[in-house]
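Chemist: Encoded as structure tokens, here's the structure I'll be asking about.
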Amino acid sequence: MTLDHAALVTAAAIGIRTRQIDLTDLPAELLALVPKRTETDSTEPSDAAAFLAAASGYAVARRGTLPSASGVAISEPPDPETLPLPPSAVQALLPRLVDTTPVLLEALAMVAAAGHRVPEAAVPILLARGPEVRAATVPVMGEVGRWLCSLNPAWTPLLQSSSPRNRRTGPSSPPAGPTAAEMAAVLESLARADAAAPPELKQFTVPWPRELAIAVGSWLMARLSPPRSGQPCTSAPPSLWDRWAVAVPRSDAREAAVATQNAIGAARHGGATAAATTRAHRAVHVLTLRSILHEEYQ
Amino acid sequence: MTRWTVEQVLAAAPDSASQVAGRKLATPAPWRNTGWSGELLWGDCLGSGSSPYQVTVDAGSRRWKCSCPSRKFPCKHALGLLFLWAEGRLSESGVIAPRAADFAAQAGKSDSPAETPTKQQTAEQKAAAEQRAARRAARVADGMLDLRRWISDQVANGLSQAARSPYGWSEAVAARMVDAQAPGVASWLRRLPAVIASGQGWPARLLDELALLDLLAVSYGRLDQLPAELAASVRTHVGFPTVSAEVLATRPGVIDTWRVLGSRDSQEEQVTTRRTWLYGVRTGRWALVLAFAAGGVSLDTSLAAGTQVGMALHFPLAALPLRALVGPDPGEAVAMDSWQPEPVDLTTAGRRWREAVAADPWTRTMPTLLTGRLAVGDRTTQLVDDAGAAVPVQLEPERLWSWLARTRGRRCTFAGELSPDGFRPLGFTPLDSARETATRSPSEVEAWEVP
């Protein structure tokens, strides 16, 4: 009877001191690898050395054979996509929103309202998020998303809400955002309100929400920084924040304004905390992301 | 100086969080006093501090300097500046900012070969080096005898004992291998607990590993009887280092345009290793370039997937000559040109793998192109070729669905690594679209990775 690999494994698992085997039963090609015992060499080969020589022959043979696989049927590829991709700026923006769920949900709603789909690389990442994001992804996941859902049992239930009747076929009205004129008015107010505002902010005339948000963000960052001259930061006039809140008529944006104002106020009284500043920075960041989205979909 | 691509900037980032953070700074608003000239970029970035961070980048020598306290290199500010430059949103300046000029001058001082004293070994130094090498060889030989005794004890007493304490089982002998200056063997031994924990059939896999280690130790004892290439491979697997200067001086360079098909990082004992696979346009030859980083130093990212570089690669002597060192003065990396590789089926890939193992029984991976489709089942993902043969695909679950989404079930040619466990894809080229003929950079997926 030929000594096969399974027999070697059993012997090794139990221990060849306990489970002795006769290596002369090895296949001829492996037997040739086993060193012969000689009278003159007291160290070679021990039983274990001879055993390991045979095992190494099997190991090399096993290693040289690629593992085969079977039993998985190739599924039909997804149907061609019918929805276009969003503007490239939105495509670039979406990965940055993954950790900002409220804005991400808003972005997905805007993509859906515009009759667009998210890039294919985004689909599995969005589907792997929580139920809220997953549900918001369904209308924008495209054919590749439906295909992935058919392959992944955890996502298959989503196909029920993705039936052809529920699929969006064209754009609808996007959510309303601030108008360019409103944003420009706020910018002008900001520039007038602060004599120390950066020159580019004062000279800024392009009424684009994206640039506005970035400029406002920069200005606020500068205001939040410890003053170089030792002078305390001055608070922006309340009317300025009111106008901003009007121009960005969304609850999150209003919260951003309040958080930033509070942080500035705390700085003025010398009690600025890292947490307040972080909250304000984050609020400005969210506002910036939201403004880019609105600009692209206005 | 060729302007970097966005992919190169992404590849230069130390991690995906830095990619995202750098991207966020790739807008003009927070920047002041920016400019670039030749290989130098500079700018002041408004951050959370009172003073803007002063950022200077030498894109040619891949050096970065920033006044921010970040321990990442390059930091997000340097990455933001690089993104702006890569996207053509940085104005070229006729006058180099003084600090950028100083930065460039410092590089000149430290890197100028003319000012580096040529090191010529004296006869005494040479003799001392030979003595050190002989001492090391003797220590390693003793270590290999120790290893063989230990492995013999394991099979004599039974591998089932290893399951009682899988994580401590091989640590003592691994530590002795470190002392014996055989770090390759030590690392191998430290991977064995994962084999014990690998589920059903682990005794067979563990016996394979121990038998191959024993074969390595036996082979080290007979180095003088082995062909030079195989002896060199044995020394490499044991852990003798590859001396770059020696390889560059003694091994001829293989000049070609090398396509960078993919890379992957692994972490072992606080050292990050980046394995980057290249494929020669003219020679059709594969090459593996390794980069190492530890202690917060960033990896060399000059070889970004999706680019190609004209350069000479020097292959150290080996039974399976895949590892390569980049020769002096490599060309600029440019976006990979259109390329439609010949389809490769699993039968061909399997034959090549068998030949590779025959040449070097201890090899762990081999690069290959494979044509087929990804198919997913209840428990496994496979690559199925045109003839219906299949091989398991090695992908972490979070990456699997990204790969399926990107390939859309299409017939593709994949670039990746074959191993005894199956196939790990690193890049792909769809075959059903005339537009998409270049192997895609993985940056598309990287940008979507959750930090």
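Yes/no matrix, rows are residues, columns are (1) in a helix (DSSP H, G or I); (2) on the phi < 0 side of the Ramachandran plot; (3) at pLDDT 75 or above:
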{"site": "B:Trp4", "(1), (2), (3)": "no, yes, yes"}
{"site": "B:Glu7", "(1), (2), (3)": "yes, yes, no"}
{"site": "B:Ala21", "(1), (2), (3)": "yes, yes, yes"}
{"site": "B:Ala26", "(1), (2), (3)": "no, yes, yes"}
{"site": "B:Ser51", "(1), (2), (3)": "no, yes, yes"}
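Chemist: Another question, if that's okay. Looking at this structure, is B:Asp214 crowded, with 20+ Cβ neighbours inside 10 Å, facing chain A (nearest Cβ under 9 Å) and touching a Phe, Trp or Tyr at 6+ places or on another chain (Cβ under 8 Å)? Break it down into steps so the answer makes sense when it comes.
Modeler: Details: crowded, with 20+ Cβ neighbours inside 10 Å: yes; facing chain A (nearest Cβ under 9 Å): yes; touching a Phe, Trp or Tyr at 6+ places or on another chain (Cβ under 8 Å): no.
No.
Chemist: Kindly establish whether A:Gly71 is within 25 Å of B:Thr407 (Cβ to Cβ), over 14 Å from the mean Cα position of the chain (by Cα) and small (Gly, Ala, Ser). Show your work before the answer.
Modeler: Values: within 25 Å of B:Thr407 (Cβ to Cβ): yes; over 14 Å from the mean Cα position of the chain (by Cα): yes; small (Gly, Ala, Ser): yes.
Yes, satisfied.
Chemist: Can you tell me which condition B:Leu230 does not meet? The list is (1) touching a residue at least 24 places away in the same chain (Cβ under 8 Å); (2) more than 12 Å from every other protein chain (Cβ to nearest Cβ); (3) surrounded by 22 or more Cβ atoms within 10 Å (Cβ to Cβ), and all the others hold.
Modeler: So B:Leu230 meets the others, but not (3).
Chemist: Can you confirm whether B:Gly427 is within 23 Å of the chain's Cα centre (by Cα), modelled with pLDDT of 90 or more and away from chain A (no Cβ under 11 Å)? Before you say what the answer is, go through the steps one by one.
Modeler: Values: within 23 Å of the chain's Cα centre (by Cα): yes; modelled with pLDDT of 90 or more: no; away from chain A (no Cβ under 11 Å): yes.
No: the conditions fail for B:Gly427.
Chemist: Then there's this: Here are some residues: B:Val260, B:Val218. Which one is in contact (Cβ under 8 Å) with a residue 40 or more places away in the chain and assigned to a helix (DSSP H, G or I)?
Modeler: Numbers: B:Val260 fails: assigned to a helix (DSSP H, G or I).
Just a single option satisfies the conditions, and that option is B:Val218.
Chemist: Still on this model: Can you find a residue that is loosely packed, with under 14 Cβ neighbours inside 10 Å and not in a helix (DSSP H, G or I) anywhere in region B:177-196?
Modeler: Checked region B:177-196: no residue is loosely packed, with under 14 Cβ neighbours inside 10 Å and not in a helix (DSSP H, G or I).
Chemist: If you take the residues in region B:55-69 that are among the hydroxyl-bearing types (Ser, Thr, Tyr) and over 25 Å from the mean Cα position of the chain (by Cα), which one is modelled with the lowest pLDDT? Steps first, answer last, please.
Modeler: Of the residues in region B:55-69, the ones among the hydroxyl-bearing types (Ser, Thr, Tyr) are B:56, B:61, B:67.
From what is left, the residues that are over 25 Å from the mean Cα position of the chain (by Cα) are B:56, B:67.
Details: B:Thr56: 92, B:Ser67: 85.
Top of the filtered list is B:Ser67.
Chemist: OK, next. Only strands (runs of 3 or more DSSP E) wholly contained in region B:340-396 count here; list those with 2 or more residues that are free of Cβ contacts under 8 Å to residues at least 24 places away in the same chain and either within 16 Å of B:Cys412 (Cβ to Cβ) or more than 8 Å from every other protein chain (Cβ to nearest Cβ) (or both).
Modeler: Values: elements: B:366-376, B:381-384, B:390-392.
Where strands (runs of 3 or more DSSP E) fall fully within region B:340-396 and carry at least 2 residues being free of Cβ contacts under 8 Å to residues at least 24 places away in the same chain and either within 16 Å of B:Cys412 (Cβ to Cβ) or more than 8 Å from every other protein chain (Cβ to nearest Cβ) (or both), they are B:381-384.
Chemist: Condition check: more than 10 Å from every other protein chain (Cβ to nearest Cβ), modelled with pLDDT of 90 or more and within 28 Å of B:Val9 (Cα to Cα). Does B:Arg435 satisfy that? Lay out the reasoning, then the answer.
Modeler: Working: more than 10 Å from every other protein chain (Cβ to nearest Cβ): yes; modelled with pLDDT of 90 or more: no; within 28 Å of B:Val9 (Cα to Cα): yes.
Against the criterion (more than 10 Å from every other protein chain (Cβ to nearest Cβ), modelled with pLDDT of 90 or more and within 28 Å of B:Val9 (Cα to Cα)), B:Arg435 does not qualify.
Chemist: With touching a Lys or Arg at 6+ places or on another chain (Cβ under 6 Å) and assigned by TED's automatic domain parsing to the domain that holds B:Leu212 as the only criterion, which of B:Ala141, B:Ala180, B:Ala127 stands out? Outline the logic, then answer.
Modeler: Values: B:Ala141 fails: touching a Lys or Arg at 6+ places or on another chain (Cβ under 6 Å); B:Ala127 fails: touching a Lys or Arg at 6+ places or on another chain (Cβ under 6 Å).
On inspection, the qualifying residue turns out to be B:Ala180.
Chemist: Please enumerate the residues belonging to region B:397-416 that are at the interface with another protein chain (Cβ under 8 Å from one of its Cβ atoms) and of a type in the set (Ser, Thr, Tyr).
Modeler: B:Ser402
Chemist: How many residues are within 9 Å of chain B (Cβ to nearest Cβ), within 17 Å of A:Leu85 (Cα to Cα) and assigned to a loop (DSSP other than H, G, I, E, B) if we restrict to region A:95-143?
Modeler: 3
Chemist: Moving to a separate point now. Given the criterion buried (at least 20 other Cβ atoms within 10 Å of the Cβ) and among the acidic types (Asp, Glu), identify the matching residue among B:Glu7, B:Glu39, B:Glu87.
Modeler: Numbers: B:Glu39 fails: buried (at least 20 other Cβ atoms within 10 Å of the Cβ); B:Glu87 fails: buried (at least 20 other Cβ atoms within 10 Å of the Cβ).
Answer to the selection: B:Glu7.
Chemist: Hey, does region B:57-77 have a residue that's of a type in the set (Val, Ile, Thr), without any contact (Cβ under 8 Å) to a residue 60 or more places away in the chain, more than 12 Å from every other protein chain (Cβ to nearest Cβ) and farther than 26 Å from B:Asp329 by Cβ?
Modeler: Taking region B:57-77 first, the residues of a type in the set (Val, Ile, Thr) are B:57.
Of the ones still in play, those that are also without any contact (Cβ under 8 Å) to a residue 60 or more places away in the chain are B:57.
If we keep only those that are more than 12 Å from every other protein chain (Cβ to nearest Cβ) as well, we get B:57.
From what's left, farther than 26 Å from B:Asp329 by Cβ: none.
Scanning region B:57-77 turns up no residue that is of a type in the set (Val, Ile, Thr), without any contact (Cβ under 8 Å) to a residue 60 or more places away in the chain, more than 12 Å from every other protein chain (Cβ to nearest Cβ) and farther than 26 Å from B:Asp329 by Cβ.
Chemist: From the residues in region A:62-94 that are assigned to a helix (DSSP H, G or I) and at the interface with chain B (Cβ under 9 Å from one of its Cβ atoms), which one is surrounded by the most Cβ atoms within 10 Å (Cβ to Cβ)?
Modeler: A:Leu94
Chemist: Across region B:31-44, what is the total count of residues that are within 11 Å of another protein chain (Cβ to nearest Cβ) and either closer than 15 Å to B:Lys65 by Cβ or in contact (Cβ under 8 Å) with a residue 24 or more places away in the chain (or both)?
Modeler: Applying the first criterion (within 11 Å of another protein chain (Cβ to nearest Cβ)) to region B:31-44 yields B:31-32.
Still in the list and also either closer than 15 Å to B:Lys65 by Cβ or in contact (Cβ under 8 Å) with a residue 24 or more places away in the chain (or both): B:31.
The number of residues fulfilling the criteria is 1.
Chemist: Something else about it: From the list B:Ala319, B:Ala358, B:Ala390, which residue is among the hydrophobic types (A, V, I, L, M, F, W, C), under 25 Å from B:Val247 (Cα atoms) and over 23 Å from the mean Cα position of the chain (by Cα)? Outline the logic, then answer.
Modeler: Details: B:Ala319 fails: over 23 Å from the mean Cα position of the chain (by Cα); B:Ala390 fails: under 25 Å from B:Val247 (Cα atoms).
Result: B:Ala358 is the single residue among B:Ala319, B:Ala358, B:Ala390 that is among the hydrophobic types (A, V, I, L, M, F, W, C), under 25 Å from B:Val247 (Cα atoms) and over 23 Å from the mean Cα position of the chain (by Cα).
Chemist: Of everything in region B:90-103, what is at pLDDT 75 or above, closer than 14 Å to B:Thr56 by Cβ and surrounded by fewer than 19 Cβ atoms within 10 Å (Cβ to Cβ)? Give them in sequence order.
Modeler: Of everything in region B:90-103, those that are at pLDDT 75 or above, closer than 14 Å to B:Thr56 by Cβ and surrounded by fewer than 19 Cβ atoms within 10 Å (Cβ to Cβ) turn out to be B:Ile96, B:Pro98, B:Arg99, B:Ala101, B:Asp102.
Chemist: Within the bounds of region B:350-371, is there any residue that is under 30 Å from A:Pro153 (Cβ atoms) and either loosely packed, with under 15 Cβ neighbours inside 10 Å or not assigned by TED's automatic domain parsing to the domain that holds B:Leu213 (or both)?
Modeler: Initially, region B:350-371 is screened for residues under 30 Å from A:Pro153 (Cβ atoms), giving B:370-371.
Of the ones still in play, those that are also either loosely packed, with under 15 Cβ neighbours inside 10 Å or not assigned by TED's automatic domain parsing to the domain that holds B:Leu213 (or both) are B:370-371.
Checking region B:350-371: at least one residue is under 30 Å from A:Pro153 (Cβ atoms) and either loosely packed, with under 15 Cβ neighbours inside 10 Å or not assigned by TED's automatic domain parsing to the domain that holds B:Leu213 (or both).
Chemist: To continue, here is another question. Taking the options B:Val178, B:Val185, name whichever one is over 13 Å from B:Trp150 (Cβ atoms), more than 10 Å from every other protein chain (Cβ to nearest Cβ) and β-branched (Val, Ile, Thr). Write out each step before concluding.
Modeler: Numbers: B:Val185 fails: over 13 Å from B:Trp150 (Cβ atoms).
Answer to the check: B:Val178.
Chemist: Would you pick out the residues in region B:163-176 that are assigned to a helix (DSSP H, G or I), under 30 Å from B:Ala138 (Cβ atoms) and in contact (Cβ under 8 Å) with a residue 12 or more places away in the chain? Before you say what the answer is, go through the steps one by one.
Modeler: So the first thing to find is which residues in region B:163-176 are assigned to a helix (DSSP H, G or I), and the list is B:163-164, B:166-169, B:171-176.
Filter again for under 30 Å from B:Ala138 (Cβ atoms), leaving B:168-169, B:171-176.
Within region B:163-176, B:Trp169, B:Glu171, B:Val173, B:Ala174, B:Arg176 meet the criteria.
Chemist: Starting from region A:13-29, keep only residues that are at the interface with another protein chain (Cβ under 7 Å from one of its Cβ atoms) and on the phi < 0 side of the Ramachandran plot, then list their pairs with residues that are exposed (fewer than 14 other Cβ atoms within 10 Å of the Cβ) and part of a loop (DSSP other than H, G, I, E, B) whose Cβ atoms are within a distance under 9 Å, requiring at least 6 positions of separation or different chains.
Modeler: A:Ala13/A:Arg19
Chemist: Something else now. So in region B:263-274, with the set limited to residues that are within 11 Å of the chain's Cα centre (by Cα) and touching a residue at least 24 places away in the same chain (Cβ under 8 Å), which one is farthest from B:Arg424 (Cα to Cα)?
Modeler: For region B:263-274, the residue satisfying everything is B:Thr272.
The values are calculated or read from the model by the stated rules, or taken from the named source; none is laboratory data. Not measured: the values here are computed from a predicted model. Backbone-built Cβ (ideal geometry, glycine too); neighbour counts: all protein chains shown.
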